[in-house]
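Heads up: the structure comes next, in structure tokens.
None of the figures in this text is laboratory data; all of them are computed from the coordinates on show. For clarity, every value in this text was computed on a predicted model and none was experimentally measured. Cβ placement follows ideal geometry from the backbone for every residue including glycine, while neighbour counts extend to all protein chains displayed.
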Amino acid sequence: MGKFNKSVLFLFSIALIGVFLAFKTPADKYFEITKNLDIFATLYKEVNTYYVDEVDPNKLIKTGINAMLESLDPYTNYIPEDDIEDYRTMTTGQYGGIGALIGTRNGRNMIIMPYEGFPAHDAGLKIGDEIIMVDGIDVKKKAYTDISKLLRGQANSKLNIAVRRHGTVDPIQVEMTREKITIDNVQYYGMVEDYIGYIKLSDFTTNAGKEVKNALVELKEQGATKMILDLRGNPGGLLNEAVNVSNIFIPKGSEVVSTKGKMTDWNKTYKALNPPTDTEIPLVVLTSSSSASASEIVAGVVQDYDRGVLVGQKTFGKGLVQATRPLTYNSQLKVTTAKYYIPSGRCIQAIDYSHRNDDGSVGKVPDSLKVAFKTRNNRTVYDGGGVDPDIVVELEYLAPIAVSLVNKGLIFDYATEYHYTHPTIAPSRDFELTDAEYQEFVGWLKDKDYDYTTRVENSIDDLIKMAKKEKYYEDIDEQIQSLKVKVHHNKETDLQKFKSDIKQILEEEISSRYYLRKGVVETSFSSDESIRSAVDILNDNERYHQLLQEAN
């Protein structure tokens with residue numbers, strides 16, 4: 001119990017310092033801090049002594065810590081000793097394990113993606129293999145997160161797993177040696193079209209800048225004279241790697257980002273320290289509502305220096321900097337210490353980070369709450385809630401039937417079955433299901449459960465409830481029933497109506513069975529609206545340069 005008491009006292013001190021800075025004298029401030037800590041400790045002792053049921057001190061204190069920190073901002077977190085390894089993996093991209101992404105499909109724990117060059121892939125594990133035993137432990141009913149912990153361990157340690165593979169009766173035993181796994185930040189790079197290179201940057205862990213630079217150099221050697229940097233879905237990471245990635249495209253000595261917080265000694269301006277790799281190559285940066293933190297620094301730098309065109313959606317809006325502070329008993333505090341500001345002077349932090357859309361994005365910020373700033377070419381840009389793209393590409397609406405097929409694991413299962421009945425397919429860039437093959441998939445679904453409710457159907461149900469509540473239902477009953485009949489979904493009809501969407505998802509899933517991560521990316525090239533928009537703007541030199549000049 002002492003372990004958690006010490007941690008919580010320290011954390012309460014951090015949280016309360018800001019509140020009590022408003023007191024007139026240091027004596028007033030520290031008296032209030034001491035008083036409130038004493039109240040908390042006394043309260044905890046009383047609950048522990050007199051509460052009717054047994055109290056788990058670890059759980060109770062952790063709940064108190066988490067609730068306290070959540071009242072500050074979403075990014076200030078307590079990291080207990082048990083979670084330190086996971087946190088280290090997030091920040092470094094390194095861990096000891098087998099090098100495979102695992103997850104649950106239809107209640108089964110499966111290999112979702114083995115990474116090339118690591119033990120799982122080298123041992124022959126495949127997407128769709130169901131994990132049933134790990135070192136003699138039955139894991140069929142365990143959560144995949146628990147299985148992940150069993151698979152991880154010290155590098156060079158051995159483990160044995162048993163998997164059930166599609167089309168086989170007996171489990172397959174696989175012995176492997178764990179290795180130090182380093183997850184690539186650049187998960188794919190290649191040529192989208194003649195002369196247009198493409199780099200998919202998924203994280204900002206150690207060596208992100210080096211990986212982007214190497215990818216850029218290699219693509220230029222392959223003939224790329226224009227470039228797409230894809231930051232969609234990138235949650236950010238290390239601040240110094242955001243500086244390193246930015247430095248690739250802007251001159252040495254250019255300001256990248258500055259941080260400002262309560263501790264003035266920690267305020268700092270970060271500049272590009274190295275010679276750039278290429279300051280001239282036409283550049284498009286792809287963004288989405290889940291491009292956050294370090295991703296927004298890079299996107300903002302490219303926009304503020306008019307170094308390239310941003311295409312996609314408004315970014316997440318996280319302009320807060322966190323530092324990790326050591327606590328007792330090997331636990332840590334990740335605490336927000338500053339806000340960051342990109343070269344134009346704007347902060348992209350959402351004005352109200354506690355209220356967001358369902359996808360976590362900021363949404364529309366009222367114009368009255370925005371402040372205008374200027375880019376190097378005197379273009380007007382705004383703060384307050386992410387970086388706005390220069391060309392907006394609306395997110396494609398995914399039909400409820402497609403969502404249902406994905407969520408119920410049916411597309412995943414069919415892709416696995418397809419793989420074992422088709423030894424080869426066309427290269428991932430060219431792979432496309434024929435109409436006959438799509439109809440085979442439709443036939444395969446006939447005895448599968450994938451029912452769903454559309455948003456329109458939900459809206460009608462809400463209308464009925466409100467009409468009954470306000471006593472209008474009898475007046476409009478006939479019209480409502482007629483409307484329900486007209487909009488009620490039909491699965492067979494929807495499979496044809498939304499064929500292109502479902503077919504594309506299915507093609508990407510199938511391609512992954514043959515070409516892994518590369519297959520998913522390359523199969524999407526022809527249908528990805530943001531990539532197509534990027535290609536169009538890069539192939540239109542006049543429009544590209546017009547977008548980067550001051551508006552008349």
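Which ³J(HN,Hα) values in Hz, rounded to whole numbers, follow from the phi angles of the stretch 267-283 under the Karplus curve 6.51 cos²θ - 1.76 cosθ + 1.60, where θ = phi - 60° and Gly and Pro get x?
Values per residue, Gly and Pro as x: 5, 8, 10, 9, 10, 5, 9, 10, x, x, 7, 6, 9, 10, 4, x, 10 Hz.
Within 10 Å of each residue's Cβ, count the other Cβ atoms and sort 441, 373, 204 from fewest upward.
Details: 441 21, 373 18, 204 30.
Sorted ascending by nearby Cβ count, the order is 373, 441, 204.
Across the stretch 406-552, how many lysine pairs, 8 or more positions apart or on different chains, have C-alpha atoms separated by under 20 Å? Please give the number.
24
Considering lysine pairs in the stretch 102-215 that are 8 or more places apart or on different chains, how many have Cα atoms under 26 Å apart?
21
I need to check one value: relative contact order of the stretch 230-315, counting alpha carbon pairs closer than 8 Å and at least 6 residues apart, in percent.
Numbers: 166 pairs, mean separation 32.6, N = 86.
This gives 38 percent for the stretch 230-315.
What are the membrane-span-like helices in the chain by this rule: whole DSSP H runs, Cα extent along the axis at least 30 Å, mean Kyte-Doolittle hydropathy at least -0.5?
Values: long enough: 26-50 (36 Å, -0.41).
The qualifying helices are 26-50.
Taking the number of other C-beta atoms within 10 Å as the exposure measure, put 181, 480 in order starting with the fewest. Walk me through the numbers on the way to the answer.
Details: 181 21, 480 16.
Taking fewest neighbouring Cβ atoms as first place, the list is 480, 181.
In terms of modelled amide H atoms, which long-range or inter-chain residues lie less than 5 Å from the amide H of residue 321?
337, 338, 339, 340
Out of the trypsin sites (Lys or Arg not before Pro) in the stretch 81-180, which ones are loop residues according to DSSP with at most 11 other C-beta atoms within 10 Å?
Numbers: sites: 88, 105, 108, 126, 140, 141, 142, 149, 152, 158, 164, 165, 178, 180; in loops: 126, 140, 141, 142, 152, 165, 178.
Filter output for the stretch 81-180: 141.
Normalised by the number of residues in the chain, what is the relative contact order in percent for Cα pairs under 8 Å and 6+ residues apart?
Numbers: 967 pairs, mean separation 61.5, N = 552.
Rounded, it is 11 percent for the chain.
Rounded if a/c is under 1.5, else prolate if a/b is larger than b/c, else oblate: which is the stretch 453-527, with a ≥ b ≥ c the root eigenvalues of its Cα gyration tensor? Before the final figure, lay out the partial values.
Details: a/c = 5.52, a/b = 3.43, b/c = 1.61.
Note, shape of the stretch 453-527 comes out prolate.
Taking the Cα centre of the chain as the origin and placing charges on Cβ (Lys, Arg +1; Asp, Glu -1), which of 153, 323, 43 is farthest toward the positive end of the dipole?
So the residue furthest toward the plus end is 43.
If you count the DSSP beta bridges with both ends in the chain, what percent of them are antiparallel, to the nearest 5? It would help to have the intermediate numbers written out before the result.
On the way: 50 of 66 bridges.
Restricted to the chain, the bridges split so that about 75 percent are antiparallel.
If amide hydrogens are placed 1.01 Å from N in the peptide plane, which non-local residues have theirs closer than 5 Å to the one on residue 139?
When sequence neighbours closer than 5 places are left aside, the close amide H contacts are 133, 134.
If a/c stays under 1.5 just call it rounded; otherwise compare a/b with b/c (prolate if a/b is bigger, oblate if not). Do that for the chain, with a ≥ b ≥ c from the square roots of the Cα gyration tensor eigenvalues. Numbers along the way, then the final one.
Working: a/c = 1.30, a/b = 1.14, b/c = 1.14.
The shape class here is rounded.
Which ordering of 95, 452 is given by a fewest-first count of other beta-carbon atoms within 10 Å?
Details: 95 22, 452 17.
So the ranking, lowest neighbour count to highest, is 452, 95.
Rounded if a/c is under 1.5, else prolate if a/b is larger than b/c, else oblate: which is the stretch 66-151, with a ≥ b ≥ c the root eigenvalues of its Cα gyration tensor?
On the way: a/c = 2.40, a/b = 1.78, b/c = 1.35.
It comes out prolate by the Cα gyration axes.
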